[in-house]
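A short worksheet on the structure shown next.
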Amino acid sequence: MSLFIVRFFFVAVLGAAGWFLRPFELPNVYAAAAGLLIGLAIVLFEVQVRKTTLKRLFGAAFGSLLGIVGAYLISLILGHAFPGNSTTISFVQVMLLLWMAYVGLVVGASKGEMLNLGALGGLFGGEQTASQSFKILDTSVIIDGRIADIVETGFLDGSLVIPQFVLRELQLVADSADSLKRNRGRRGLDVLQRVQKMTQINVQILEDDFPNVREVDMKLIELAKAYGCKIVTNDFNLNKVAQLHGVDVLNINELANALKPIVLPGETMRVFILKEGKEYNQGVAYLDDGTMVVVDNAKKMISRTIDISVTSVLQTTAGKMIFGRFDERVHGVHDKSQSSERAHASSREQPATQSAEARGSGVGATG
């Protein structure tokens, strides 16, 4: 609101100056209108400049300076070559000045990202570090919701950037006729509200867009390349395409796989057999973090908790898989109903001997 007031006051002052000063001997009304139009044009230019990175500003300024110097040198040559026709030479000189300044401005701005301002030191020493602290969120990681838990733990620093086109896609999902998609979109909006309320990180809504790019994933990549920051996602395809374009990616799924507990072959673990496996006499269990455990000789142990011996661990792009083997002669079988009944019975008895205590506090192992 304060910036809007400053802009309004600036435009009003230019309009008043045109009314009282009457440039080019214009009537007061036309002079004031010209002042207002010039003020609006300057405000629009300022809005566009605010969206530009520091590298592009330096590139545009440097390119314009080179264009002006080149136009001045050419004007000197033309002035000595054609000293008589001053009106034509003056027009050509002005045209050269505007042309070369414009070309230098456009080319310098487009190539400004190649500048390394961090090498200058001083005020620009932390420019590269500051740009790298920005992290762009894509739609999939917002809907996933785990980003809020990661931010809450304090493992992410800097600023989270949410592009406007990502918000539009999220709103389209939330307004979908499909109830499943609608719930996913609303969950994403709730996650964003939760992250915005956290004080340990800054959340920014970015208005930049790329109208010539249709896919949202490619827009994210172009935006990350323009600002030199990272993309936070759990989309496997976006991860691969971004790496091909040289953009750094923080994949939530890779982080979750890295944090899963390490299991070595030969270790013993206790699992609950949930269903039958694909191969003969196999059972399938799942750990608390979602890791699949495939157990040989466990088909008849479905809906029971057993001890297994880990035989191998397979790491895939989708996650980790653990393979184990059940041997009823070595490992125990734990039935929840039987163990609860024994625990209840043991609570009514006073242990007389050490062996009775072991039976009362045991878990009902069978050979």
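For this structure, a couple of remarks:
- Residue match in region 293-303 (condition: under 22 Å from V263 (Cα atoms), at pLDDT 85 or above and touching a helix residue (DSSP H, G or I) at 6+ places or on another chain (Cβ under 7 Å)): no
- Each residue in region 188-242 was checked for being acidic (D, E), outside any helix (DSSP H, G or I) and closer than 15 Å to S140 by Cα, and 2 of them qualify.
- When residues in region 177-189 are screened for being of a type in the set (D, E, K, R) and surrounded by 15 or more Cβ atoms within 10 Å (Cβ to Cβ), 4 of them pass.
- Evaluation of S179 against (1) farther than 30 Å from I306 by Cβ; (2) touching a helix residue (DSSP H, G or I) at 6+ places or on another chain (Cβ under 9 Å) (one fails), failing number: (2)
- Each residue in region 142-173 was checked for being touching a residue at least 60 places away in the same chain (Cβ under 8 Å), touching a Leu at 6+ places or on another chain (Cβ under 9 Å) and part of a helix (DSSP H, G or I), and 3 pass.
- The residue list L192, L244 contains one member that is surrounded by 14 or more Cβ atoms within 10 Å (Cβ to Cβ) and not acidic (D, E), which is L192.
- Any chance L255 is farther than 30 Å from A109 by Cβ and part of a helix (DSSP H, G or I): yes
- Every residue from region 163-176 that is aliphatic (A, V, I, L, M) and loosely packed, with under 15 Cβ neighbours inside 10 Å: L172
- Every pair of residues 6+ apart whose Cβ atoms lie under 7 Å, when the first sits in region 10-34 and is buried (at least 16 other Cβ atoms within 10 Å of the Cβ) while the second is at pLDDT below 90 and not in a helix (DSSP H, G or I): A31/R22; A34/L26
- Whichever residue in region 250-288 is in contact with an Asp or Glu (Cβ under 9 Å, 6 or more places away or on another chain) and among the β-branched types (V, I, T) and, among such residues, is surrounded by the fewest Cβ atoms within 10 Å (Cβ to Cβ): T268
- Exclusive hit being over 28 Å from L97 (Cα atoms), modelled with pLDDT of 80 or more, part of a helix (DSSP H, G or I) and touching a helix residue (DSSP H, G or I) at 6+ places or on another chain (Cβ under 9 Å), set V43, V29, V6: V29
- Of all residues in region 52-98, those being under 41 Å from the mean Cα position of the chain (by Cα) and in a helix (DSSP H, G or I) number 16.
The values are calculated or read from the model by the stated rules, or taken from the named source; none is laboratory data. This one's a predicted model, so the numbers in the text were calculated from it and none came from an experiment. Cβ sites come from the backbone with ideal geometry, for glycine too, and all protein chains shown count toward neighbours.
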